[in-house]
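A.B. asks: Please see the structure below; I have some questions.
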Amino acid sequence: MKFTLCTDNKVFPYMLIDDFYADDQQLEIWEALEYYRKENLYSDGKLEDGYGVSPAANLNRLYLEELYPDNREDSNILRVYKKILLPEVIRNYRNTTPSARQFENTNNDCSVVSYYEDENNYGEHFDSFMHTVLIWFYKEPKKFTGGNLRFPESNKIVECIHNRMIMFPSYYLHEVDRVKLESKYRDQGLGRYCMTHFYSKV
Ligand SMILES: [Fe+2]
């Protein structure tokens, strides 16, 4: 794990971790992502409001709590994501933003897998949770362009890099720019995957 504390904007700091998941964990995640795609488990197109997320979303999405209601341990992703709570991660987030105190105080989370292909994007919005964690995956070499994350209030752009994790307070406005994928690469799982974990207190 390579930590980058992005604190030059004092109002909207965020934390990046590159090489987040280890090789064996990445294999487990790919197994799940490929299965969801082949079984066509994503709901597609523009989605109605749900889980406090914005209808500005134009992407394919899968809610892991719905797929694994009583059997979370059967989900490869829901087994490995506990890494987000490692003391090393929390310590670095605390050095990024004082709102990390709130993260440590959360007791609930929910997880969404998103898949973006050509023309998919996610317009400006905020998440109705306390903290948001995104982890990006794609098959290397990258076949698409776009799909980067932008924070309009601080005018920061974070490049979508495979196995990069970003963590920020959910109230920051953020958007995903439009993914472009040549037609010969479409429908083969060569687009942009995002694993999103929302943290809150109930
Ligand atoms: Fe979001």
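The values are calculated or read from the model by the stated rules, or taken from the named source; none is laboratory data. Remember, it's a predicted structure, so these values are computed and weren't measured experimentally. All Cβ positions, even for glycine, are placed from backbone atoms using ideal geometry, and neighbour counts span all protein chains on display.
A.B. asks: Among the numbered criteria (1) under 30 Å from Pro87 (Cα atoms); (2) at pLDDT 90 or above, which one does Glu39 miss?
C.D. replies: (1)
A.B. asks: Give the residue that is nearest to the chain's Cα centre (by Cα), with candidates limited to residues of the stretch 123-152 that are within 14 Å of the ligand (Cβ to nearest atom) and among the acidic types (Asp, Glu).
C.D. replies: Taking the candidates together, the pick is Asp127.
A.B. asks: Which ranges mark the strands (runs of 3 or more DSSP E) fully within the stretch 111-168 that have 3 or more residues being farther than 23 Å from Glu31 by Cα?
C.D. replies: 121-125, 149-151, 156-158
A.B. asks: Tally time: how many residues in the stretch 165-202 are more than 16 Å from the ligand (Cβ to nearest atom), buried (at least 19 other Cβ atoms within 10 Å of the Cβ) and under 25 Å from Ile84 (Cβ atoms)?
C.D. replies: Of the residues in that region, 1 qualify.
A.B. asks: Still on this structure, please answer the following. If Ser114 passes every condition in (1) away from the ligand (no atom under 14 Å from the Cβ); (2) hydroxyl-bearing (Ser, Thr, Tyr); (3) within 15 Å of the chain's Cα centre (by Cα) but one, which one does it miss?
C.D. replies: Of the numbered conditions (1) away from the ligand (no atom under 14 Å from the Cβ); (2) hydroxyl-bearing (Ser, Thr, Tyr); (3) within 15 Å of the chain's Cα centre (by Cα), the odd one out for Ser114 is (1).
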